[in-house]
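A.B. asks: Right, I'll just put the structure down here and ask away after.
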Amino acid sequence: MALYHIRKYRDEDYETVRELYSTGFVEHLHAVCLQALRQPWAQLSLVGVFCVLLASSRSLLGSFLGLALLLLVAREGVRFLFEQGIQLGLSEDLQDIRKSYMQGEESCFWVAEIQECIVGTVAILPAREETGAWELKRISVRRAYRGLGMAKALCRTALDFVAARGVENVVLFTSMVQTDAHQLYRSLGFHKEEEFIWPSLPAKLINFMVFKYRYRVPR
Ligand SMILES: CC(C)(COP(=O)(O)OP(=O)(O)OC[C@H]1O[C@@H](n2cnc3c(N)ncnc32)[C@H](O)[C@@H]1OP(=O)(O)O)[C@@H](O)C(=O)NCCC(=O)NCCS
């Protein structure tokens with residue numbers, strides 16, 4: 001018997017759903033910092049700063065400490081950008097979840113719960129940029145409950161929902177750092193259709209790739 005229970009969103013789930021989204025988002029901070037450090041311009045800048053510090057202070061320890069301080073400041077900068085990303089999501093469809101997903105039969109939001117605690121989410125709605133296709137969104141499972149097949153079950157619930165409505169294509173967007181999710185999507189039958197650099201200056205600077213996946217609903 002499944003440990004968890006999947007049901008449609010209710011208004012009292014609002015705060016937990018938003019918190020689960022924010023937590024799932026921010027856990028990729030470390031991976032994004034590593035992606036930034038992989039960039040040749042970042043590595044060159046760090047070497048340059050280190051040389052300048054060493055030349056001016058003539059202290060190896062002081063130079064390493066200065067470099068560590070710079071890395072800490074840079075990490076806080078990335079955290080700030082993450083906060084903005086989270087606020088964007090919270091101010092879009094998650095601002096009014098009922099209005100975004102629970103009016104009519106054209107969209108839906110589900111939660112997975114264990115002993116009445118919400119531990120997973122998924123949502124689906126018609127895709128903005130492709131008429132006829134629907135978009136899977138807001139897939140998140142609380143860390144302590146991962147690996148139980150919960151995300152797969154949530155996504156299948158959403159895919160069954162659209163299959164019953166005769167939808168042929170489901171798309172979703174994910175990023176290069178959400179590696180756990182890539183395996184989830186492949187195992188559900190999605191294939192990667194497109195990859196592109198997210199159109200913002202910070203994303204361009206660190207070559208931050210976004211992937212578009214597509215699922216063709218079997219007839
Ligand atoms: C991605 C996420 C939703 C997966 O949740 P989950 O409940 O652990 O996933 P499941 O247990 O249903 O696993 C589904 C498939 O993904 C695989 N998978 C899940 N986590 C994995 C990991 N860390 N490494 C490798 N494979 C993994 C499972 O093996 C399974 O594949 P299988 O069916 O071939 O065996 C979860 O890690 C998460 O919430 N991450 C943070 C939020 C996020 O990144 N969301 C994606 C937004 S695009």
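The values are calculated or read from the model by the stated rules, or taken from the named source; none is laboratory data. Values in this document were obtained by computation on a predicted structure and should not be read as measured data. Cβ placement follows ideal geometry from the backbone for every residue including glycine, while neighbour counts extend to all protein chains displayed. Heads up: the accessible areas ignore ligands, DNA and RNA and are worked out on the full protein's heavy atoms, side chains in. Shrake-Rupley method; radii C 1.70, N 1.55, O 1.52, S 1.80 Å.
A.B. asks: How do Arg79, Arg186, Arg128 stack up against each other in accessible area, from largest to smallest, with a 1.4 angstrom probe?
C.D. replies: Arg128, Arg186, Arg79
A.B. asks: Considering only DSSP beta bridges where both residues belong to the chain, give the percentage that are antiparallel (nearest 5).
C.D. replies: Antiparallel bridges: around 95 percent, rounded to the nearest 5.
A.B. asks: Please work out the FRET efficiency for the pair Lys192 and His30, using the Cβ-Cβ distance as r and a Förster radius of 25 Å; give the result to the nearest 0.05.
C.D. replies: So, using R0 = 25 Å, E works out to roughly 0.60.
A.B. asks: With an 8 Å cut-off on Cα pairs and a minimum separation of 6 or more residues, tell me the relative contact order of segment 52-126 in percent.
C.D. replies: Averaging sequence separation for qualifying contacts and normalising by length gives 15 percent for segment 52-126.
A.B. asks: I've got another one for you. Ranked by accessible surface with a 1.4 Å probe, highest first, in what order do Phe50, Phe25 come?
C.D. replies: So the residues, ranked largest to smallest area, are Phe25, Phe50.
A.B. asks: Tell me the Kirkwood radius of segment 88-130: reciprocal of the mean inverse pair distance over distinct alpha-carbon atoms, in Å.
C.D. replies: With all distinct Cα pairs of segment 88-130 included, I get 11.5 Å.
A.B. asks: Still on this structure, please answer the following. Cα extents of the chain along the three principal axes, largest first, in whole Å?
C.D. replies: Largest to smallest, the principal-axis extents are 70, 37, 32 Å.
A.B. asks: Among the aspartates and glutamates, select those whose C-alpha is under 14 Å from the C-alpha of Lys212, and discard any that sit fewer than 8 residues away in the same chain.
C.D. replies: Glu129, Glu130, Glu135, Glu193, Glu194, Glu195
A.B. asks: Let me ask another. Restricting to Cα pairs below 8 Å that are 6+ residues apart, what does the relative contact order work out to for the chain? Please round to a whole percent.
C.D. replies: 19
A.B. asks: Still on this structure, please answer the following. Pull out the extension gain between Ala164 and Ser200, defined as 0.36 nm times the separation in residues minus the alpha carbon to alpha carbon distance; nm, one decimal.
C.D. replies: Full-extension gain reported as 9.2 nm.
A.B. asks: What whole-number value in cubic angstrom gives the convex hull volume per residue for the C-alpha atoms of segment 1-87?
C.D. replies: Dividing the Cα hull volume of segment 1-87 by its residue count gives 148 Å³.
A.B. asks: Can you tell me what the convex hull of the Cα atoms of segment 86-177 projects to on average, as an area in nm²?
C.D. replies: 7.0
A.B. asks: Additional query: With runs of 4+ DSSP H residues as the only contributors, calculate the mean residue ellipticity of the chain at 222 nm using -39,500 (n - 2.57) per run, divided by the residue total and rounded to the nearest 500.
C.D. replies: -15500 deg cm²/dmol
A.B. asks: Here's something else I'd like to know. Å³ per residue of the Cα convex hull, for segment 58-117?
C.D. replies: 127
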